[in-house]
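To start, the structure itself, in structure tokens.
Every number in this text was worked out from the coordinates using simple rules, so none of it is lab data. Everything quoted here is computed from the prediction, not taken from an experiment. Heads up, the Cβs are rebuilt from the backbone with ideal geometry, glycines too, and the neighbour counts pull from every protein chain shown.
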Amino acid sequence: MRQPADYSALLNLPVADRLALIEQLWDSVADSTADAPLHPAIGAELQDRLRKHEADPGAAVPWDEVKRRLQAAR
């Protein structure tokens with residue numbers, strides 16, 4: 001990985017500033033993922049999950065229910 005010329009200066013930023021920078025970088029990546037190539041195995045998995053969902057949409061569990069079950073299992 002190529003490092004920017006001022007990489008060491010970035011490492012010297014306060015933690016809060018580095019976290020804010022990470023968030024900005026992540027958001028910029030997330031905004032441009034439409035152009036990113038999809039690994040064939042991931043594409044196949046997504047297609048399989050979509051096929052299963054379309055065959056039985058009622059099997060889906062709402063996110064709030066998943067969180068509740070996980071918290072109850074602790």
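Using a Förster distance of 30 angstrom, determine the FRET efficiency expected from the C-beta separation of Leu10 and Ala44, and round it to 0.05.
Values: r = 38 Å, r/R0 = 1.26.
Efficiency for this residue pair is about 0.20.
Taking the Cα-to-Cβ direction at Leu70 and at Thr33 and moving 7 Å from each Cα, how far apart do the two end points lie in nm?
Here the modelled spin labels are 1.6 nm apart.
Write down the Kirkwood hydrodynamic radius of the chain, to one decimal in angstroms, obtained as one divided by the mean of 1/r over all alpha carbon pairs. Don't skip to the answer; put the middle values down first.
Details: mean 1/r = 0.0593 Å⁻¹.
Mean inverse Cα-Cα distance, inverted, gives 16.9 Å.
Using 0.36 nm times the number of residues separating Glu54 and Asp17, minus their current alpha carbon distance, what extension gain do you get?
Numbers: separation 37, 0.36 × 37 = 13.32 nm, distance 4.39 nm.
Extending this stretch completely gives an extra 8.9 nm.
Under the Karplus relation 6.51 cos²θ - 1.76 cosθ + 1.60, θ = phi - 60°, what is the ordered set of whole-Hz ³J(HN,Hα) values for region 44-58, x standing for Gly and Pro?
Per-residue couplings from phi come out as 5, 5, 4, 4, 5, 5, 5, 4, 5, 5, 5, 6, 8, x, x Hz.
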